[in-house]
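Notes to accompany the following structure.
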Amino acid sequence: MKKRIGILTGGGDAPGLNAVIRAVVLTATRCYDWDVLGIRNGFDGLYAGTPAIPLGAEDVSDLLAQGGTILGAANRGSPFAQRVRQPDGSEKVVDVSHEAISRIADRELHALIVAGGDGTMAIAHRLACLGAPIVGVPKTIDNDISETDVTFGFNTAIQTATEALDKLRTTAESHHRIMVLELMGRHAGWIALKAGVAGGADAILIPEIPFRIDVVSEKIRQLQAEGRRYSLVVVAEGAAPVGGDQMYYIEGRNGSEGRLGGMGHRVGNLLADRIEAEVRVTVLGHLQRGGRPSPRDRWLATRFGTAATHLVAKQRWGHMVALQGTGIVTIPLSRALCMKRVDPCGDMVRMARDLGTVFG
């Protein structure tokens, strides 16, 4: 009987997901003569039994440069904590992991390739421990998955953020303003650090280094004294002041769900209180997730998708593909669950400091 594999995309979207789907389908059909099913809406779609999408070479031929994911994603869905509506209209959180695994068998899938971030990889690991034939592909614009040097989506996010800084620089110089740019990254400062250096930011505030606003203020006053009448400040959404907390937007019906954000405006207000200059704040938000993947992300996503399909052929369940140096390697999912964060004493931070950038 002809083998059939599935692929789903979990967590938030990222540029390059469609390139992974394309690579999996082309490798599976041309190298192994397998059928491929696309599972819609991440693990939610797997558990709910949402109709899958049969994928052939003709269905993915135009996906390489397309952003987002044609399969949809669910960044809060987990079969280990599934919200199930009760007859009275209330919701109950239950473990439906064994039912999710049974859905794999129901669809007659020989294997399931899961592309996602650290949360998705953690779910994939737990399902694999229960016997699910799963292979992982690391994806996140935040670049915070351990055991892989980089994830696809990260390069495009840096490119978008750097272009934003380039644009802010010209208007900041024209109006003699302090421009504050808030960037994504959750609890890791990779996007802020790399885009900040690439865009020539004067201050970069990241979660790994608690900041003092007076240090940033002093840097800006120094630039003003030297005759530069504008400044660029990059703030990661997960940054926090010394002795203070990160900021969250509260959302959801019960007020219990929060997402990082708001620190850019807080920093802007603190600077406006201390410096004689106009301050403007830009929150780049989901623009960092959207649009066409960069050539580098298309290349990496294609390598990951092809390598993951070969892992299925070897039945390396509970493993994921990763980039180390210039080569693609295989890593147990259990080793990829710790968050990879910026080293405050590392060479990248030291280089930025050598250039005159302050971290608060």
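Taking segment 330-360 as the range and being open to solvent by less than 20 Å² (accessible area, probe 1.4 Å) and either of a type in the set (Asp, Glu) or assigned to a helix (DSSP H, G or I) (or both) as the test, the residues that pass are Leu333, Ala336, Val349, Ala352. Candidates in segment 241-274 are the residues that are β-branched (Val, Ile, Thr) and at pLDDT 95 or above; of these, the one that is farthest from the chain's Cα centre (by Cα) is Val242. May I ask you to list the residues in segment 1-32 that are under 20 Å from the mean Cα position of the chain (by Cα) and not in a helix (DSSP H, G or I)? Of everything in segment 1-32, those that are under 20 Å from the mean Cα position of the chain (by Cα) and not in a helix (DSSP H, G or I) turn out to be Ile7, Leu8, Thr9, Gly10, Gly11, Gly12, Asp13, Ala14, Pro15, Gly16.
How many residues does segment 186-201 contain that are open to solvent by less than 10 Å² (accessible area, probe 1.4 Å) and either in a loop (DSSP other than H, G, I, E, B) or within 15 Å of Pro241 (Cβ to Cβ) (or both)?
So the count comes out to 4.
Kindly indicate whether Leu183 is buried (at least 21 other Cβ atoms within 10 Å of the Cβ) and within 19 Å of Ala277 (Cα to Cα).
no
Annotation note: of Gly56, Gly49, Gly117, the sole residue that is surrounded by 20 or more Cβ atoms within 10 Å (Cβ to Cβ) and not hydrophobic (A, V, I, L, M, F, W, C) is Gly117. When segment 33-52 is limited to residues that are among the small types (Gly, Ala, Ser) and in a helix (DSSP H, G or I), the one that is nearest to the chain's Cα centre (by Cα) turns out to be Gly42. Of all the numbered requirements in (1) among the hydrophobic types (A, V, I, L, M, F, W, C); (2) under 15 Å from the mean Cα position of the chain (by Cα); (3) surrounded by fewer than 17 Cβ atoms within 10 Å (Cβ to Cβ), Trp299 misses one, and that requirement is (2).
Looking at Asp62, is it free of Cβ contacts under 8 Å to residues at least 40 places away in the same chain, among the acidic types (Asp, Glu) and touching a Pro at 6+ places or on another chain (Cβ under 9 Å)? In short, no.
The values are calculated or read from the model by the stated rules, or taken from the named source; none is laboratory data. Please read these numbers as outputs of a predicted model, since none were measured by experiment. Here the Cβ is made from the backbone with ideal geometry for all residues, glycine too, and neighbour counts use every protein chain on show. Ligands, DNA and RNA are stripped out before the accessible areas are found, and what is left, the full protein with its side chains, is counted by its heavy atoms. Shrake-Rupley method; radii C 1.70, N 1.55, O 1.52, S 1.80 Å.
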